[in-house]
Each structure stands twice: as structure tokens, then as C-alpha cells.
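Only one structure is covered here, and it is reproduced in the block below.
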Amino acid sequence: MNTIVVYNSKTGFTRQYGEWIAEELGCKAIPEKEAKKDLSAYECIIYGGWLMAGKITGLDAMKANPDMSHKKLIVYATGATDHRATEVIEKVKVDNLTPEEQEKIPFFYMESGINFKKMGFFSKSMLKMMGKSLNKKQDKTPMEEAMAKMFEKSSDHTSKDYIQPLVDYVKDL
């Protein structure tokens, strides 16, 4: 199956995962901006976007692309949320894919991190404010404790291991 990886990356984590996936599958990985030209040559599109306020960046535009009507779409999202936070990850899936899309679009989550140096002012400020708000909160849940720590400084939790379920899925097509 002729496959391509298309990614939307701001701080480099989603790009890194896209390149790893492409390397494992022997296909090409390109930024979303380049993909707007023409996807007609590909049967399978693997789309990756980073999470902002629970939304997968660029996914709506990718789904609306007229070239996608007869393509196999596979989606991966990257974010700073721990890969074991299954309830949070399931919410990301539900918030980004309609029930019909959930039936036909495989979804994968890959833990990444936070890179304050590569973030824009708005994103950086928003995360810092969320961290301060969480730190002030009394009786934090374990998840809130972890999130408060996560927003204190840059971190990188990428692992090539996280791509394996997606790679295996595509190889089984």
C-alpha cells in the first residue's frame, strides 16, 4: 500500500515521531504544509498532530481535504500527557473523531513532552498559567500533581517504542 506520513509539528516532537514511523515503514514523511499540494498518489495517509487544549492540530483540515475521500486515514496525536492516562487519551479520541470516524480511523497516542524554547508566546503563557493554577489548588488528584510538575520545565518523553502499535497496524493492512 502506497503510504505517506503527514505531520503538524510545532516543537519537533510530532515531526520526530513522523520520521520514525516513515523510517520503519519505508515511506516518506512530510510537514502538513507540503501535503496540501496533492495526496492523490497515496492510498494510506498517516496524519500526526500535537495536542492543544485537547484538539489534534490540523486534523480537521486533513479530514476536510478532498483527496481524503477514498484514502485510508490513520491518526496519531502527540502530547505531554502520560501514555498510561487511558481515560484522558480516550477523551482526545472522542473529542477529535466523530463516532462514525472512530469506527474507520485508527487512532494512536504517543507521549512526547514540552519544549518551552520552541513554543510561541501564547502557548508558553497558557501552559505556565495552567501550571500556576494547578500548584495553587488544594487537594490535587495524582493526575493534577503530575500535570503541575509537567508544566514547570521542558521535558522530552519521546520513545521509538510508542510507534510500534501504529507500525504493526500498517504492516498488517
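This table checks each residue for (1) surrounded by 15 or more Cβ atoms within 10 Å (Cβ to Cβ); (2) in contact with a helix residue (DSSP H, G or I) (Cβ under 6 Å, 6 or more places away or on another chain); (3) not assigned by TED's automatic domain parsing to the domain that holds Phe108.
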position	(1), (2), (3)
Arg15	yes, no, no
Glu23	no, no, no
Gly26	no, no, no
Glu34	no, no, no
Ser40	no, yes, no
Met52	no, no, no
Asp67	yes, no, no
Ile74	yes, no, no
| field | Matching residues, the stretch 127-143, being touching a residue at least 24 places away in the same chain (Cβ under 8 Å) and under 22 Å from Thr11 (Cα atoms) | value | Leu127
| request: From the list Lys149, Lys117, Lys132, Lys153, pick out the single residue that is loosely packed, with under 14 Cβ neighbours inside 10 Å, part of a loop (DSSP other than H, G, I, E, B) and more than 15 Å from the chain's Cα centre (by Cα). | output: Lys153
| query | With respect to Ala80, is the statement that it is among the small types (Gly, Ala, Ser), in the same structural domain as Gln164 (by TED's automatic domain parsing), crowded, with 17+ Cβ neighbours inside 10 Å and under 13 Å from the mean Cα position of the chain (by Cα) true? | reply | yes
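Given the criterion closer than 23 Å to Asp172 by Cα, in contact (Cβ under 8 Å) with a residue 24 or more places away in the chain and within 16 Å of the chain's Cα centre (by Cα), identify the matching residue among Met110, Met68.
Details: Met68 fails: within 16 Å of the chain's Cα centre (by Cα).
One residue alone meets the criteria, Met110.
The values are calculated or read from the model by the stated rules, or taken from the named source; none is laboratory data. These figures come from a predicted structure and were not determined experimentally. Note that each Cβ is placed from the backbone with ideal geometry, even for glycine, and that neighbours are counted across all protein chains shown.
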